[in-house]
Amino acid sequence: MSSTKLWYTHPPAEYIAALPIGTGRLAAMVLGDPTAERLALNHEWLWRGVNRNRDTEPAAHLLPEVRQLLLSGQFEEGTLKGNQAFGGLGGISKQPNRVDPYQPAGDLRFSLDHGSATDYHRELDLENGLVTVEYTAGGVRFRRAYLADIAHDLLLACITADQPFGGRFWLDRIDDAECFLLRQASIGHCEEHPERSEPSFGERSRRVRRSNPEFEPEIASAQTTGLAMTASLTLDGQFHRGIAFRAEARLYPKDGRITADGDALRVSDATELLIAVNIGAGAGTETPAAECGCHTLPHTDWERLLAEHVAAYRKLYAGLSLTLDLPESTLPTDERLAAARAGAADPTLPLLYFNFGRYLMVASTATADLPPNLQGKWNESLNPPWQADYHHDVNLQMNYWPVEGGNLAFATDSFFRHCERFIPHGRKAAADLYGCKGVFFPLQSDPWGRCTPESFGWAVWTGAAAWLAEHFWWRWEYGRDRAFLRDHAYPFLKEVAAFYETYLIEDEHGVLQAVPSQSPENRFVGTGRFPVSLGVSATMDILLIRETLRHAIAAAALLGVDEEQRNLWRGILDRLPSLKIGRFGQLQEWNEDFDEVEPGHRHTSHLIGVYPGDELDPERTPELWQASRVSVERRLAQGGGHTGWSRAWTACLFARFGDGGRAWDHLVHLILDFATDGLFDLHPPRIFQIDGNFGGTAAMLEMLLQSYGEELDLLPALPPAWPDGEVRGLCARGGYTVNLAWRGGALSRAEITALEDRTCTLLHAAGRYTVKDADGNPIACAADGHRLRFQVKVGQTVVIVAR
């Protein structure tokens, strides 16, 4: 139980300690107060929409001056001029940026007719995607169940008690001077609506379209949908100069009666109450009311609805299971955290964090059109930190680090739609800002697909699209879907490659340099007040360019296209600057061995070639590999890893280095130092930021299996705290599904199933394992140093057993 449930004996003290539910389109935080319940509601497309038509202005004519300054070593002046030309608003400009903030849709609130509660229990069941709150009041046992119904894309609550009950229910929203609200309560009879289904990515024809930014939605009139006799609450909103939205709750009481109480509803003498919550956001060509009308209940049988949800949920969540032969904690989750912080060993606490991370991805993406933002899909504030936006310089990418290996590939659909949504304006931005072909993506943005720089002091960076492109290539590596490679991955890679074809400039030695260039979000001595230094060919940019071109070449070769383009890209690769090792033995972050203003900086951007990328390798680039490890150690010695997501990245790096002990130490620090009682990741001072949750999940996957270059490394960084265990359903590059079992810290058995006929390569395996088919027949193997190679057939399982 302790590894698959978060549970508590009291309500949360704050929003970020509550329990999240979500379908992807919709989300809610369940506060669980027995006397005054609050479901804090969100819709993934509910961003204010005031700036959804913002645009870039021509500035490419300013690029030569900026380049001349930086190439001549005038970094402070070059950084100033670069930001003035290409940095936009926001940041340190003392002017607000134009990123629209992600917004709360409102709250469903209710108060049941009973006194104070005792014997309280609140839990989130990760295996079923179900939140329950139970307590006793006045001698009566009450039970509230909450779920984000993936089968029907609605938020559901079901209230029962040992005897008939009643209460008052209403919708509300935080005070907002820039939002007009209209609240209504109604009672009526509604007709049945059939179930609906959604096609897969590449075939999907979404009902809610957001492709027309010129559309100005209006508040729609109240509309009643559902089944049989019901009552409804509606909250219609319109942001000033922005979009409209609707939140609605439909109440289906069993027995008893329901009456209107102003803009609230009162239920009396019910034996069961089902509540269905829906939200519509007027972010496209469909009204909020019309969107709500597309998602209705086919019936009101709670047990059937629960079963339908669980079946749909498990198809997404249950593809991977990790079990440990360790005693489970019997403490509530908050008490476990307190005990561990006081020094008690709890080796299964990270397993709970792992399962919670996978749950959060399902809840953020199952029916989603958008990927999880800085706060996933959960926000209660009108002005969330960083607008709860899409940061493209690690945060969105980290959200997706556990997806491929963690058997959550469905979640990439919304990620790829997000990236492709930016392409049209990205082309304009590349031309306007830098006079380049291809696409420029901003460091910071919202869902509208606008590529304007919005963070003066940080925003002059061209690597965002390249880093996002990494995930397109991963989808091919893991999924082997040639249609996806042809229709999505390669076209995106070509757009990014086209930018660098026209952005790189030749220096006096014939080397192609990226100018301006930065290492997000760090600075070196000599650039004045700016938080990020502009320079020439920062290590991260060179690594991203290499990776983009290498993947584009490989994709084109697989598809048998663009041979001339491939030759051009190979020529660029041959002329890029070499990476350098600095005076401390570290991998240089910039082209020169500058002194850092903040040696313990939270970002480790220059180590992207170690993780999550694969440009650096202990065999192909041993000196740079070792220098990268020196860089990590130096960062940590100066206080690095001081945010949740930064600590998660550090754990991932040590796992990639094969150091399970150090990776474990940082994983534990991530949980104990940067998690709420509800296990949400924190950025100092106490800001919920979901990337650390996903980064920590990725670190554990990296400990168990690595597959760089489509070669499998089984248990490469198994932590000593997990001596015995089993994992089923891991995914690997090359199109493999992998099951592993280990005893005494060593692999005892592995099962490998391939998506295609091919040669399988195991690292550090020669002389250690025997390879058989599922019937126990030996399979011929060839040893090559520490590598072991053998043939696999599509759909057939190969068994690896320790000798």
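The values are calculated or read from the model by the stated rules, or taken from the named source; none is laboratory data. What you see is a predicted model; the values in this text were computed from it and never measured. Cβ coordinates were reconstructed from backbone atoms using ideal geometry, including for glycine residues, and neighbour counts include every protein chain displayed. Each accessible area value is taken on the protein alone, full model and side chains, heavy atoms only, with ligands, DNA and RNA left out. Shrake-Rupley method; radii C 1.70, N 1.55, O 1.52, S 1.80 Å.
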Contact order normalised by residue count of the stretch 504-636, Cα under 8 Å, 6+ apart, percent: 26 percent
Binned Cα-Cα distances of the stretch 604-688, short to long, each 10 Å bin given as a whole percent: 18, 48, 27, 7, 1
Extended-chain gain in nm, criterion 0.36 nm per residue less alpha-carbon gap, residue 630 and residue 35: 208.7 nm
Calculated on alpha-carbon atoms, Rg and Dmax of the chain in Å: 26.9, 85
Spatial separation of Cα centroids for the stretch 301-369 and the stretch 727-781, in angstrom: 27 Å
Paramagnetic label zone (point 7 Å from Cα along Cα-to-C-beta, residue 65; backbone N under 20 Å) in the stretch 77-117: 77-89, 93
Stretchable slack from residue 749 to residue 14, in nm (0.36 nm times residue separation minus alpha-carbon distance): 260.1 nm
Cβ-defined net charge surrounding residue 673, 9 Å radius [Lys, Arg +1; Asp, Glu -1]: +2
Cα-based reach from residue 377 at 25 Å (exclusive), listing lysines while leaving out same-chain residues under 8 positions away: 5, 315
Heavy-atom accessible surface of the stretch 541-622: percent carbon and sulfur, 1.4 Å: 47 percent
About the Cα centre, charge dipole magnitude for the chain (Lys/Arg +1, Asp/Glu -1 at Cβ), debye: 600 debye
Between the stretch 441-486 and the stretch 510-547, the Cα center-to-center distance that results, in Å: 18 Å
Residue (of 703, 660, 643) at the positive-pole extreme of the stretch 601-712, dipole from beta-carbon charges: 643
Mean Cα-pair separation over length for the chain, i.e. relative contact order, pairs under 8 Å, 6 or more apart, %: 13 percent
Ellipsoid semi-axes in whole angstrom, largest first, where each is sqrt(5λ) of the Cα gyration tensor of the stretch 472-605: 32, 17, 12
For the chain, accessible area per residue (1.4 Å probe, heavy atoms of protein chains only), Å²: 34 Å²
For residue 749, net neighbour charge (Lys/Arg +1, Asp/Glu -1) across residues whose Cβ lies under 13 Å away: +2
Residues residue 294 and residue 140, FRET efficiency given R0 of 35 Å [Cβ-Cβ distance, rounded to 0.05]: 0.35
Net lengthening on full extension, residue 187/residue 559 (0.36 nm per residue, minus Cα-Cα): 128.0 nm
Share of carbon and sulfur in the accessible heavy-atom surface of the stretch 38-77 [1.4 Å probe, %]: 50 percent
Residues of the stretch 604-645 with amide N under 18 Å of the 7 Å Cα→Cβ point at residue 787: 614-622
Average Cα contact separation per residue, the stretch 1-90, under 8 Å, 6 or more apart, as relative contact order %: 15 percent
Per-residue ³J(HN,Hα) for the stretch 733-748, Karplus 6.51 cos²θ - 1.76 cosθ + 1.60, θ = phi - 60°, Hz, x for Gly and Pro: 4, x, x, 10, 10, 10, 10, 10, 10, 9, 9, x, x, 10, 4, 10
Accessible area of the stretch 697-786 belonging to carbon and sulfur atoms, whole % at 1.4 Å probe: 48 percent
Note, ³J(HN,Hα) from phi for the stretch 388-397, Karplus 6.51, -1.76, 1.60, rounded to Hz, x at Gly and Pro: 6, 8, 9, 8, 9, 10, 3, 5, 5, 4
Spatially proximal lysines relative to residue 772 (Cα-Cα < 26 Å; intrachain offsets below 8 disregarded): 793
Spin-label pair residue 121/residue 263, simplified geometry with 7 Å Cα→Cβ offset, distance in nm: 3.8 nm
Estimated FRET transfer efficiency (residue 50, residue 175; beta-carbon r; R0 25 Å; 0.05): 0.85
Hits among lysines - C-alpha to C-alpha of residue 428 under 27 Å, sequence gap 8 or more where chains match: 81, 94, 437, 494
Phi-based couplings in Hz for the stretch 299-316 (Karplus 6.51, -1.76, 1.60; Gly and Pro marked x): 6, 10, 7, 4, 5, 5, 4, 4, 5, 5, 5, 4, 4, 5, 5, 5, 4, 8
Inter-part distance where the stretch 22-77 and the stretch 595-642 are each reduced to a Cα centre, Å: 27 Å
Ratio Rg/Rh [Cα only; Rh per Kirkwood] for the stretch 675-803: 1.07
Dipole of the chain, positive direction: furthest Cα of 332, 800, 469, with charges on the beta-carbon: 800
Prolate/oblate/rounded call for the stretch 346-497, Cα gyration tensor, a/c under 1.5 rounded: oblate
